[in-house]
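These notes concern the structure reproduced below.
The values are calculated or read from the model by the stated rules, or taken from the named source; none is laboratory data. The structure displayed is predicted, hence computed values, not measured ones. Cβ placement follows ideal geometry from the backbone for every residue including glycine, while neighbour counts extend to all protein chains displayed.
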Amino acid sequence: MKKWILGSAQVFALAALCAISAELLAAYSDSTGNIGAVLFSLIFFMALYGAPALLIRELARRLGWGWPSLLLLSAALGILQACIIDQSMFADQYGGYAGWEESRSATFVVPFGISAYNAYNFILGHIIFSFAGPIAIAEAWRPNRAEAPWLRPFGMIVAAIFYVGSSALIMADPGSQSASQGQLVISCILVGACVVGAAVLGSRVESKHLASAEQVDPLVLLLVTFIVAVASMFAGEGWLGVAVGLGSTILIVAMVIWTRIRFTWTPAHYAAVALGYLLSRGVLAFTYFPLLGEVEPLPKYLHNAAMLAIVLAAGALALKPGRPAMHASMPAERAQ
C-alpha cells in the first residue's frame with residue numbers, strides 16, 4: 001500500500017511539475033498571481049504536458065530506451081505542440097501577447113514562414129521545460145525506480161484521454177489554426193522522424209568501456225547549466241540570440257557527454273542539469289512583467305517566489321544526499 005501511495009504521488013507530482021515548469025514558472029500570462037486562475041492552469045497543463053510526459057517516459061522505460069531516445073520523444077512532443085496543436089510557430093499574433101510580432105519578424109525566414117528564434121525557443125523550451133526536465137527531476141526522487149515503469153494500462157489510458165482532450169480544446173480554438181497544409185505535413189514528418197530516431201537509438205546497445213567509480217558532483221553540473229542558461233538569455237531575440245542560444249545548448253550537451261564518459265552518472269546527475277535550466281527560468285521571471293494583461297507587483301512577485309520555491313523543493317528532493325542510487329551510466333548500460 002505504501003509503495004502504491006508513493007508511486008501515485010510521484011506520478012501526480014511529475015505531472016504538476018511539467019505544468020509549472022512549462023507555463024507557470026515563466027509567469028508570462030495574466031493568470032500570474034491569481035490563485036484561482038493558477039489552479040485552473042495547473043490542472044489543464046497537467047493534462048497538456050504532464051500526461052504526455054508520463055506516456056513517453058513509460059514507453060521509453062518499458063522498452064529499455066535511454067535518455068537520447070527520451071529527448072527525441074520530447075522533441076516529437078515539442079514539435080507536435082508548437083506546430084500542430086497550438087500552431088504558435090506559424091502565428092502572426094498569438095493570444096494577444098505583447099511584442100509577439102516584433103519578436104517573430106526579427107528572425108523571420110520567409111521560405112518556411114517561421115521565426116528562427118521561435119523555432120529554437122519553442123522546441124527546445126518544450127523539450128527541456130515541458131517534458132524532459134521534469135522527468136529527470138521526478139526520476140531522481142526515487143532513484144531505485146528511475147528506469148522502472150510507473151503506470152499500469154489503466155493509468156496509460158487515463159493519461160492518453162487527458163492529453164487528447166486538452167489538445168483537442170486548443171486545436172478547436174480559431175487562434176490555434178494558423179498553419180498551412182504544407183506546414184502541417186512537414187511538421188508531421190518531423191514528429192515521425194523524431195519517433196523513428198528514438199526507436200533507432202533505443203535499439204542500440206552501448207559498447208562496453210571502463211567506467212570510473214568516481215562521480216562528478218551534481219551541484220557542479222547544476223551551477224554550470226544555470227550560469228550558461230541565464231547568460232544566453234541576455235543575447236536578445238534576434239539572430240545573435242539564436243546563435244548564442246544554440247551555442248549554449250551545445251556547450252551544455254558537450255558537458256553532459258564528456259562527464260558521462262569520464263564519470264559514473266546517477267539519476268541525480270540528470271536531475272542537476274534539468275534543475276539548472278528550471279532555476280534559470282524561475283530566476284529570470286523576476287526580471288519582467290507578464291506579456292498579457294495588467295498584474296500588480298505584489299501578486300506578481302509572490303507568484304514568482306512560490307513557483308521558484310516549488311522548483312527548489314523538487315530539486316532538493318532529487319539531489320538529497322545519502323539516498324540509494326541506481327548507476328544509470330554503467331559500462332553495459334542498455335540503449336545508451
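What are the residue pairs meeting all of these: first residue in the range 272-289, first residue free of Cβ contacts under 8 Å to residues at least 40 places away in the same chain, second residue part of a helix (DSSP H, G or I) and among the hydroxyl-bearing types (Ser, Thr, Tyr), Cβ atoms under 8 Å, and 6 or more apart or on different chains?
Phe286/Tyr301
Of everything in the range 130-185, what is touching a residue at least 60 places away in the same chain (Cβ under 8 Å), among the aromatic types (Phe, Trp, Tyr) and under 14 Å from Ser8 (Cα atoms)? Give them in sequence order.
Answer for the range 130-185, where residues must be touching a residue at least 60 places away in the same chain (Cβ under 8 Å), among the aromatic types (Phe, Trp, Tyr) and under 14 Å from Ser8 (Cα atoms): Trp141, Trp150.
Just need a number here: residues in the range 258-292 that are surrounded by fewer than 20 Cβ atoms within 10 Å (Cβ to Cβ) and either closer than 13 Å to Val220 by Cα or over 19 Å from the mean Cα position of the chain (by Cα) (or both).
13
Which of the following residues is at pLDDT 95 or above and hydrophobic (A, V, I, L, M, F, W, C): Val205, Val220, Val216?
Of the residues listed, the single one that is at pLDDT 95 or above and hydrophobic (A, V, I, L, M, F, W, C) is Val220.
Going residue by residue through the range 150-171, is there one that turns out to be surrounded by fewer than 13 Cβ atoms within 10 Å (Cβ to Cβ) and within 30 Å of Leu319 (Cβ to Cβ)?
Yes - at least one qualifying residue is present in the range 150-171.
For the range 90-105, what are the residues that are surrounded by fewer than 18 Cβ atoms within 10 Å (Cβ to Cβ) and either part of a helix (DSSP H, G or I) or in contact with a strand residue (DSSP E or B) (Cβ under 9 Å, 6 or more places away or on another chain) (or both)?
Across the range 90-105, the qualifying residues are Glu101, Glu102, Ser105.
Select from the range 47-65 the residues that are surrounded by fewer than 21 Cβ atoms within 10 Å (Cβ to Cβ) and among the charged types (D, E, K, R) and write down the one among them that is nearest to Ala159 (Cα to Cα).
Glu58
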